[in-house]
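Bear in mind these aren't lab numbers, they're just calculated from the coordinates by the rules spelled out. Keep in mind the model is a prediction, meaning the values are calculated, not measured. Cβ sites come from the backbone with ideal geometry, for glycine too, and all protein chains shown count toward neighbours.
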Amino acid sequence: MADRGERAGWHRRTGVLLCTAMALPLPLLPATAARARQQTVPAFAAPDFSTITTRAEAARLARKHVLVRIQFFPTELGGPKSKVNTGYVTLEAAASHARLVEMLAAYAERGRIDRLEIVPEYKGASVIPNRIRMTATHSRTGERHERSIEIWDCGFCPPLDPLPDPDGVRDVTA
């Protein structure tokens, strides 16, 4: 009894030839031609807040849940509740800020830091910082920890690099 291929006009020899032809290496397209056909979609669309130049505009975005109001120098660590210490950042940056404040509080409780410097960096006339740099140090031991929270205009904004365990081995180069 003939198999389905032979009934349809196919012969085993034809099948073998097709399989052999399929196994032949095909010329690859140059990388530029392959990229030209692909639609590129960024994995993370970084926000652009360069046009937000007033605190009122930033507050409006906060009401729309695009931005969050924070205290740059955390009040938990002795920061003032003043207009100068208040700023607006993205939700992700606010979460990173809260996480870092929590870690710094643990370091302060254990006496591993006694000084904290926080510098928001701005780009152009925007009132939204594009980065917040935090430097925690201890005046006697020289222990120093620097972290920065990227907010906008960073392409793919990297996640916060956590501080080492405050109860772990002291590393003064971190």
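When peptides 63-73, 100-110 are ranked by their average number of other Cβ atoms within 10 Å per residue, the highest-first order is 100-110, 63-73.
Each residue of the stretch 67-81 was assigned a 3J(HN,Hα) from its phi angle through the Karplus curve 6.51 cos²θ - 1.76 cosθ + 1.60 (θ = phi - 60°); the sequence is 10, 10, 8, 9, 9, 4, 8, x, 5, 5, 10, x, x, x, 8 Hz, with glycine and proline shown as x. Phi angles of the stretch 123-138 translate, via the Karplus equation with coefficients 6.51, -1.76, 1.60 and θ = phi - 60°, into HN-Hα couplings of 10, x, 9, 5, 8, 9, x, 8, 7, 10, 9, 10, 10, 10, 9, 10 Hz per residue; Gly and Pro are given as x.
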